[in-house]
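Bear in mind that the values in this text are calculations on the coordinates, not laboratory data. Source: prediction; values computed, not measured. Heads up, the Cβs are rebuilt from the backbone with ideal geometry, glycines too, and the neighbour counts pull from every protein chain shown.
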Amino acid sequence: MSVLKRHKSGFTLLELLVVIAIVGMIASIILVSLNNARRKARNTATNSQLEELIKAIELSRSQDEHYPITGNTLQYCLGHAPNGLYCYAAAQYLENNALNTALARYIPTLPNPNQKTLQYGALSVQGSTYACNNISCSQITIRWFLEGPNERCPFGGTGATSGMTTECTLVK
């Protein structure tokens, strides 16, 4: 009697499962990297828009010998309110016409920094704010938010993290 050997072709179920697991792990690593890249791109866009606004504020200060005066020490939207009504969703700060007019001399179309609503602790936040620290507006505070914890705040700003959001504060 002769024993015939059967030659198998194809893959076993175990081999297929191992390949599927490896492909799944690679895909998840790529998706995490892609999400990080998107977050960094949004933060870069926010910082770029703020840089333009800060330049306009400094130009206004140079020309008028003081920062743009809002008429009080309340916080106002820096640029146009992201939703057309208010910025910093937690407190609903309004736009200030005097501030926007002063900035519009240097930036004809004011940007809407950080249009995405972020969670800062228990608060929903959006946009950026500007406040005169005194009635003569010789010192100002600018606040904005970046996605992700412990993000670096540019322009000499300081950062505080709550959850997955960094609040940046710049005092000039």
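Structure notes:
- Under the Karplus curve 6.51 cos²θ - 1.76 cosθ + 1.60, θ = phi - 60°, whole-Hz ³J(HN,Hα) for the range 47-54, x wherever Gly or Pro sits: 5, 5, 5, 5, 4, 5, 5, 5
- Residues whose placed amide H lies under 5 Å from that of TYR93, excluding near-sequence neighbours: CYS87
- GLN139/ALA41 FRET efficiency (R0 35 Å; Cβ-Cβ; nearest 0.05): 0.60
- Ordered by the number of other Cβ atoms lying within 10 Å of each residue's own Cβ, fewest first, CYS153, CYS137, CYS77 fall into the sequence CYS153, CYS137, CYS77.
- Loop-resident sites, the range 133-172, for chymotrypsin sites (Phe, Trp or Tyr not before Pro), counting at most 13 other Cβ within 10 Å (DSSP): PHE155
- Here the chain is treated as a sphere whose radius is the Kirkwood value from Cα pairs; by Stokes-Einstein at 4 °C and 1.567 mPa s it diffuses with a coefficient of 69 µm²/s.
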